[in-house]
Every structure is written in structure tokens, then in C-alpha cells.
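Take a look at the structure below.
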Amino acid sequence: MTHPATYQPPKIWTPNTENGGRFAKINRPIAGSTHLKELSVGRHPLQLYSLGTPNGVKVTVMLEELLAAGHSGAEYDAWLINISEGDQFGSGFVAINPNSKIPALVDHSGPTPVRIFESGAILIYLAEKFNAFLPESGAERAECLSWLFWQMGSAPFLGGGFGHFYAYAPDKIEYAIDRYAMEVKRQMDVLDKRLAESQFIAGDSYTIADMAIWPWYGSLAKGQLYEAGEFLQVQEYTNVLRWTNQVAQRPAVKRGRMVNRAFGDPASQLHERHEASDFDTKTQDKIAKPA
């Protein structure tokens, strides 16, 4: 391994706004809004503000699965939050998620609106609200929640760690890429061994654990995430691939993956979703131009 010149941290850190990274223009070391912008509110009780990244897909898949299972109260409006343009720093969005990250959900079904942020928290909230996709008690519930929180704790290594240094950093740093590639492959091995002994992540039933893990590790297993499939030799994880393909064939997953998607094949994108019929009657203003 070759090493670049040693970096000596300054006594007091200050942000380098000219670092050239993909998100340099929107990254900052402080919280709060940067501009006034109210959020749109549709007619359904559940209002989602998101983008079709892996964290956003978790929630849209959950909502579509709830509707497919007959929970009509899960009808929702999905509004696009373009993080590349800094929409997450608008005053309305910051009011429902002070951490300025997608997704965020507001439930207007009760006398007082309820805000929920962090994708794992949203999945649990919806699962408990509709009594679906989360075992009610005992070992099965513990297993499901353990894997859900495994994903929440592991994804930063895959996204903010490996993904950043492999795909987005202005300079390729061998040590950083090797460090995170090793951890991501270990995580894939954890999943592969688990899926060698069970049909789904938490056992025999499809749960919010699958919905949380699939957008990240399923996409990676198919070589779609960061275009790193060959680099990480994802074909080795045959059990993950079996599970990935099984989940991908679910109609609700196919729909959920489209919602708030603003990149890739235009046919796979639905910027906003307000009715189930939007999947069949997409108009050109709801479809992004090819990336």
C-alpha cells in the first residue's frame, strides 16, 4: 500500500468549502434552515417528504406493502426533497426533521400532527400503527428489531464510508477505500450466513427488517449501488442474491422503488406520488430527464 503525504490536523478545525466533493456546496457543520420554504400538504393523512435513495426507498416500500395488504389508511402523498439542491434545509422540512435528512413523515390522522424522522423510526411507527410486518412480541419481534437496528448501525459504513470514498470523494484514498471495503464485505458475509438459514432476514416472514436492508444491501448485491459490484465481488454472496431477487419481485417493492426517484432510467421514476393511479398515468412533468 502506498501512502500520501502525512496530513497534520490543525489545532482548530475549520471547514474547507473548496474541497471539490460532490456535496461540498450543501455540506456544513451547523444545523438549522437556510431558507424559508413551506412544505406542501396533500389530502391523505400520511405525508412523506423524501428522495428515492436507499433510506427513502425503505419507507415507500413499506407504504406500498401496507396498501397491498389492504390497509387503506396507509394512503399517502409523497413529495420530492431534492437533497442536491438543498431542499432539506428549507424551514418547513427542518421543522419536521431538525437533522435535515430524508425521509421524514407527518401523520395527520389524529387531532395533532405527528412528525417522525429517521427511516427506522418511521418503519416501526407504521408497523405498529397498522399492526403489520413486525411481530407483536417475543423472540420473533426481538429478531426483527435486532436486524433493523443492525442495518441502521451498519449502513453508515456502506454509505458514508465506502460509498463516499469509493464514489464521491474528489481524491481516491487507498487506506480509506480499503478500510471500508473490508467492513462492507464483512457485513455482506454476515447477511449471507444469516440468509443461508432463513428465507427472510428475521426468519420465515417478510418484515420491516427486509424492507430496511434490501434497498442498501440488495442494491449492492445486484451491482447497482456505487457500481461497485465487481470491485467487491458481490457474486460470492449467493444467499444474499437469492433473497435480493425474491424481494425485488414483489409488486409493492417495484412500486416503492419508483416513488421520489429522480435519477436513472426515466421509466423508473415517479417524482411525486399522490394516488395509486399515478404509477399508470405518469405525466412528463413527473418524470426526470435521463441522468
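Taking the options LEU105, LEU126, LEU80, name whichever one is under 20 Å from the mean Cα position of the chain (by Cα) and farther than 24 Å from GLU38 by Cβ.
Details: LEU105 fails: farther than 24 Å from GLU38 by Cβ; LEU80 fails: farther than 24 Å from GLU38 by Cβ.
The unique qualifying residue is LEU126.
Any residue at all in the range 64-71 that's assigned to a loop (DSSP other than H, G, I, E, B), surrounded by 11 or more Cβ atoms within 10 Å (Cβ to Cβ) and more than 20 Å from the chain's Cα centre (by Cα)? Walk me through it before giving the result.
The initial filter retains those residues of the range 64-71 that are assigned to a loop (DSSP other than H, G, I, E, B), namely 69-71.
Cutting the leftovers down to surrounded by 11 or more Cβ atoms within 10 Å (Cβ to Cβ) gives us 69, 71.
Now narrow it down to the ones that are more than 20 Å from the chain's Cα centre (by Cα): 69, 71.
Yes, some residue in the range 64-71 is assigned to a loop (DSSP other than H, G, I, E, B), surrounded by 11 or more Cβ atoms within 10 Å (Cβ to Cβ) and more than 20 Å from the chain's Cα centre (by Cα).
Name the pairs: first residue in the range 71-100 and on the phi > 0 side of the Ramachandran plot and hydroxyl-bearing (Ser, Thr, Tyr), second residue loosely packed, with under 15 Cβ neighbours inside 10 Å and not in a helix (DSSP H, G or I), Cβ to Cβ under 9 Å, at least 6 apart or on different chains?
Every condition considered, the pairs that remain are SER100/ALA31; SER100/GLY32.
Starting from residues that are at pLDDT 85 or above and loosely packed, with under 10 Cβ neighbours inside 10 Å, keep the ones in the range 2-25 and report whichever is farthest from PHE89 (Cα to Cα). If you could, list the steps in order and put the result at the bottom.
We begin by selecting, within the range 2-25, every residue at pLDDT 85 or above; these are 8-15.
Next, only the ones that are loosely packed, with under 10 Cβ neighbours inside 10 Å stay: 8-14.
Numbers: GLN8: 32, PRO9: 29, PRO10: 29, LYS11: 30, ILE12: 26, TRP13: 23, THR14: 21 Å.
Restricting to residues being at pLDDT 85 or above and loosely packed, with under 10 Cβ neighbours inside 10 Å, the top hit is GLN8.
Take GLY90 and decide whether it is crowded, with 19+ Cβ neighbours inside 10 Å and farther than 25 Å from GLN151 by Cβ. It would help to see each step written out before you state the result.
Details: crowded, with 19+ Cβ neighbours inside 10 Å: yes; farther than 25 Å from GLN151 by Cβ: yes.
The answer is yes for GLY90.
Scan SER198, SER205, SER137 and give me the residue that is surrounded by fewer than 18 Cβ atoms within 10 Å (Cβ to Cβ) and in contact (Cβ under 8 Å) with a residue 60 or more places away in the chain. Break it down into steps so the answer makes sense when it comes.
Numbers: SER198 fails: in contact (Cβ under 8 Å) with a residue 60 or more places away in the chain; SER137 fails: in contact (Cβ under 8 Å) with a residue 60 or more places away in the chain.
Within the list SER198, SER205, SER137, the selection yields SER205.
Just name the residue that is farthest from LEU148 (Cα to Cα) out of those in the range 98-128 that are polar (S, T, N, Q) and crowded, with 20+ Cβ neighbours inside 10 Å. Can you show your working first?
Our first condition is that a residue be polar (S, T, N, Q); within the range 98-128, this holds for 99-100, 109, 112, 119.
Pick out the ones that are also crowded, with 20+ Cβ neighbours inside 10 Å and you get 100, 119.
Working: SER100: 22, SER119: 10 Å.
Within the range 98-128, the match that is farthest from LEU148 (Cα to Cα) is SER100.
Any residue that is in a loop (DSSP other than H, G, I, E, B) and among the charged types (D, E, K, R) - is there at least one of those in the range 39-56? It would help to see each step written out before you state the result.
Kept after step one, since they are in a loop (DSSP other than H, G, I, E, B), are these residues of the range 39-56: 39-45, 51-53.
Subset that is among the charged types (D, E, K, R): 43.
The answer is yes; a qualifying residue exists.
The values are calculated or read from the model by the stated rules, or taken from the named source; none is laboratory data. Keep in mind that this is a model prediction, so the values were computed, not measured. Positions of Cβ are backbone-derived with ideal geometry, glycine not excepted, and every protein chain shown enters the neighbour counts.
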